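A short worksheet on the structure shown next.
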Amino acid sequence: MWPPVSVFVLLVSCWLSPGGASAHDIPLESAIGAGPERLQAVEQRLSQLSAHLAQLDGRLDARLAQRADGEWRPEDCSAVQQRHRLSGTYTVYPPTCGNGGGIRVYCDMETDGGGWTVISRRDDVPHHQDFNLNWQSYKWGFGNLSAEFWLGNEYLNLLTSLDQVQLRVDLKDWENRTAYATYTPFSVGTEEQQFALSIGKLL
């Protein structure tokens, strides 16, 4: 069976550095009292800082896991499931991650047998994550893994480029009616390939 990857819609680390100090480019003080454009820039900065905090959190968890479990480095959520049965955030270490770092992900241990890596979630929550963001935001991911988020195209490429994986899309409407679709295989290309989505047949 292929390692599963899932997408939750209508219900968010090699965390590779995006390379640059863009998260610090907008002085917060100068944005106070500014117009909608500056407010949007501040919100984007907060999103980037949130991603950076998640990165640091992932590094800390990785070090604690190594101390507690020796060199246990799960490659994906299906490997995490061998030791942990609860859904939540975990650090995975895909062998395609050149620097040997981990990616902080949300693992769903309940849906269809569990072991799914959630790559995106949108939900009816009080403080919605803005998904109308730029290329860099989608490249490196944004949002909160425990709420609404996009994992990041760079990480999707790392997670889907080695093994053949399965994509599951779960939908829920305002009346709580649900539907899902499963596709195999599923992969995301490199940035040079414009993060091209390759999706197989509907199962």
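Bear in mind these aren't lab numbers, they're just calculated from the coordinates by the rules spelled out. None of these values were measured; they are calculated from a predicted model. Neighbour counts are summed over all protein chains in view; Cβ atoms, including those assigned to glycine, are modelled from backbone coordinates with ideal geometry.
So, counting K/R as plus one and D/E as minus one, what does the shell of residues with Cβ under 13 Å around G113 add up to?
Summing Lys and Arg as +1 and Asp and Glu as -1 gives -1.
Just want the ordering: Y155, Y180, from fewest to most Cβ atoms lying within 10 Å of their own Cβ.
Taking fewest neighbouring Cβ atoms as first place, the list is Y180, Y155.
Fewest Cβ neighbours within 10 Å first, please rank E148, E37 accordingly.
In increasing order of surrounding Cβ atoms, one gets E37, E148.
Per residue of the stretch 149-166, in order, report the coupling 6.51 cos²θ - 1.76 cosθ + 1.60 (Karplus, θ = phi - 60°) as ³J(HN,Hα) in whole Hz, putting x for Gly and Pro.
Per residue, the Karplus-derived 3J(HN,Hα) values read 6, 10, 5, x, 4, 4, 6, 4, 4, 5, 6, 10, 8, 9, 9, 7, 10, 10 Hz.
Net charge within 13 Å of T182 by Cβ-Cβ distance, Lys/Arg positive one each and Asp/Glu negative one each, not counting T182 itself? Don't skip to the end; give the middle numbers.
Details: positive: R168, K201; negative: D112, D170.
That works out to 0.
Given H placed 1.01 Å from N in the peptide plane, which residues other than close sequence neighbours of V165 have an amide H under 5 Å from its amide H?
Amide H to amide H, under 5 Å and 5 or more residues apart or across chains, V165 pairs with F186.
Past the 13 angstrom mark, what percentage of all C-alpha to C-alpha distances in the stretch 108-175 do you count?
Values: 1593 of 2278 pairs.
For the stretch 108-175, the fraction of Cα-Cα distances above 13 Å is 70 percent.
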